[in-house]
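Worksheet: one structure, shown below.
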Amino acid sequence: MRKLVAGLLAGASMLIAAPAQGAPIRPTDPAFAGQWGVTRTGVDQAWSSTRGSSRVIVAVVDTGVSRLPDLAGRLLPGRDFANHDDDPSDDNGHGTMAATVIAASGNNRTGIAGICWYCRILPVKVLNAKGGGSYTDIALGIRYAADRGASVISLSLGGSDDSPLLSDAVAYAEGKGALVVAAAGNRGAATPHYPAAIPSVLAVGGVTPSGSRYDWSNHGPWVDVTAPGCNPAQGPTGLVAPYCGTSSATPFVAGVAGLLAATDPAPSAARIRAALVGTRSLPSGRIDVPAALRALPVDGDVTRPAVAFGAVGALVRGRVTITAAASDQHGVSRVQLYAGGRLVATDTTAPYSFAWQSAPDTATVQLELRAYDRRGNLTVVRRSVRADNAAPAVRLAKSGRTVTARATDASGVTRLELVVDGRVTVRRAGSVSRFAVPARARSVQVRAYDRAGNLRVANGKLAG
């Protein structure tokens with residue numbers, strides 16, 4: 001039986017903007033400032049751990065996908081079931097917008113930043129230029145995507161009637177290891193929408209920046225998760241425009257599923273689904289991407305965390321604050337700082353920061369960061385610094401009303417100051433200087449500073 005079905009085109013006419021939030025990863029894409037969904041769901045935090053993988057294929061079963069620079073090298077050959085040929089080009093725009101939400105290249109100063117930067121897109125055209133199609137073609141498209149190794153199948157489409165064609169196609173895809181993600185629909189109703197309402201499909205509703213349901217988003221207990229319902233996206237010409245509706249929320253979730261699929265060990269579709277559903281924010285049901293990553297099983301994880309020192313000078317003194325950046329696909333359990341082979345401190349939460357008392361040492365010290373992930377994988381990075389907690393040595397000589405100061409220090413002397421009656425009267429760079437002393441001076445001091453900031457004061461009584 002063939003049944004006509006309308007593609008879910010944009011369900012709202014404008015993009016709802018929200019104030020930008022501080023983000024761990026902020027890409028250079030010019031339209032990123034409008035991607036409020038990325039920060040609301042923690043995608044920007046997840047990017048510090050994973051940005052996808054070319055081994056992950058996300059199928060866009062829609063109106064086709066046009067070739068764009070932001071998808072260059074990652075758009076696979078596909079199929080057009082609407083016109084029965086091998087050219088899945090987009091003659092509507094809907095599918096291309098979905099594809100860019102999923103996988104537009106990030107941090108390339110072009111367009112938007114997709115959710116899964118390195119995932120590949122499989123274009124499967126099942127809807128015509130007007131956004132219409134049949135259950136038969138959709139079912140064929142789902143099977144085609146599964147046969148070509150899609151880890152995730154994104155369906156921004158649907159109809160009001162259930163169908164054995166769709167159920168069988170979904171079951172076939174799941175048997176091949178694919179996660180099927182589908183739009184809940186844009187009528188603001190609780191009536192089930194298909195294929196989203198098929199129990200094993202991940203049904204996606206749309207929410208606002210505050211996490212409340214858009215009034216046009218379908219809802220009900222059959223809706224599994226929600227996601228940002230308005231996202232900037234690129235059409236067939238590459239132009240960025242608002243893309244709203246559960247059609248937009250669905251590829252957002254499909255891109256997140258791609259990020260999760262790119263982790264090590266590769267999780268099953270069931271694991272990804274459980275992670276997304278089990279960590280959603282209640283009562284809105286909005287996905288929480290960092291929490292979903294942490295919910296994935298870590299047994300078999302052999303990928304070590306990434307860790308790096310923050311800004312720290314090569315020369316230090318006294319109490320020093322050492323910062324570290326650490327990330328892991330499944331979460332960092334702890335970061336430790338060692339100095340000279342001895343444990344200084346352990347930090348279990350980001351941002352990672354340590355207070356190290358370098359005094360009284362004056363020597364080269366090897367600092368070491370040890371980062372452990374939840375599986376126990378360890379990464380070690382080292383950096384040598386010179387601890388200088390010794391003040392310069394200063395010798396003074398007086399000849400009449402002239403004082404000559406000579407300072408020495410292993411780290412180097414930066415400046416000398418002449419202090420007359422408690423006031424600094426002369427400052428000079430270097431380690432040797434001759435100062436003229438006023439005739440009525442009651443007290444004279446010379447201050448010497450080394451490169452670490454240590455100070456030595458030579459005063460008083462000078463040999464004539």
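A short reminder: the numbers here are calculations on the coordinates, not readings from a lab. Keep in mind that this is a model prediction, so the values were computed, not measured. In this analysis, Cβ positions are derived from the backbone assuming ideal geometry, glycine residues included, and neighbour counts consider all displayed protein chains.
Listed values, structure above:
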quantity: Spread of Cα-to-Cα distances over 10 Å intervals beginning at zero, given as percent, for segment 331-464; calculated: 12, 30, 19, 15, 14, 8, 3, 0
quantity: Spin-label pair Leu315/Thr191, simplified geometry with 7 Å Cα→Cβ offset, distance in nm; calculated: 7.7 nm
quantity: For peptides 393-405, 143-155, 28-40, sequence by mean Cβ density within 10 Å, most packed first; calculated: 143-155, 28-40, 393-405
quantity: Under-5 Å amide H pairs with Val426, H placed in peptide plane, nonlocal only; calculated: Leu418
quantity: Length added when fully stretched, Thr348-Arg440, from 0.36 nm per residue minus Cα-Cα; calculated: 27.0 nm
quantity: Dipole of segment 393-459, positive direction: furthest Cα of Asn454, Ser399, Ala410, with charges on the beta-carbon; calculated: Ser399
quantity: Cα-based reach from Lys130 at 16 Å (exclusive), listing aspartates and glutamates while leaving out same-chain residues under 8 positions away; calculated: Asp62, Asp80, Asp90, Asp91
quantity: Distant-in-sequence amide H partners of Val437 (H built 1.01 Å from N, under 5 Å); calculated: Thr402, Val403
quantity: Over segment 393-459, relative contact order from alpha-carbon pairs under 8 Å, at least 6 apart, %; calculated: 34 percent
quantity: Length-normalised contact order of the chain in % [C-alpha pairs under 8 Å, at least 6 apart]; calculated: 12 percent
quantity: Whole-Å distance, taken between Cα centres, linking segment 419-456 and segment 171-193; calculated: 78 Å
quantity: Separation of alpha-carbon centers, segment 65-112 and segment 294-331, rounded to whole Å; calculated: 36 Å
quantity: Amide H contacts of Gly310 (H built 1.01 Å from N, under 5 Å, at least 5 apart or other chain); calculated: Thr323, Ala324, Ala325
quantity: Quotient of Cα Rg and 2.2 N^0.38 Å for segment 393-459, N being how many residues it contains; calculated: 1.03
quantity: Residue-span extension gain [Thr364 to Val457] - 0.36 nm each, minus C-alpha spacing; calculated: 31.0 nm
quantity: Option label - percent of Cα pairs over 38 Å apart computed here, alternatives [x] 29; [y] 21; [z] 41; calculated: [z]
quantity: Where labels lie 7 Å past Cα in the beta-carbon direction, separation of Ser284 and Thr28 in nm; calculated: 3.1 nm
quantity: Helix-only mean residue ellipticity at 222 nm for the chain, each DSSP H run of n ≥ 4 adding -39500 (n - 2.57), per residue, nearest 500; calculated: -5000 deg cm²/dmol
quantity: Inter-site label distance for Tyr172 and Ser160 at 7 Å from Cα along Cβ, in nm; calculated: 2.8 nm
quantity: Options Ala439, Leu202, Phe354, ranked by Cα towards positive dipole end of the chain, top entry (Cβ charges); calculated: Ala439
quantity: Normalised contact order of segment 306-387, rounded percent, pairs of Cα under 8 Å and 6 or more residues apart; calculated: 35 percent
quantity: Column: log10 I(q)/I(0), Debye, Cα scatterers of segment 306-387, q = 0.17 Å⁻¹; calculated: -0.61
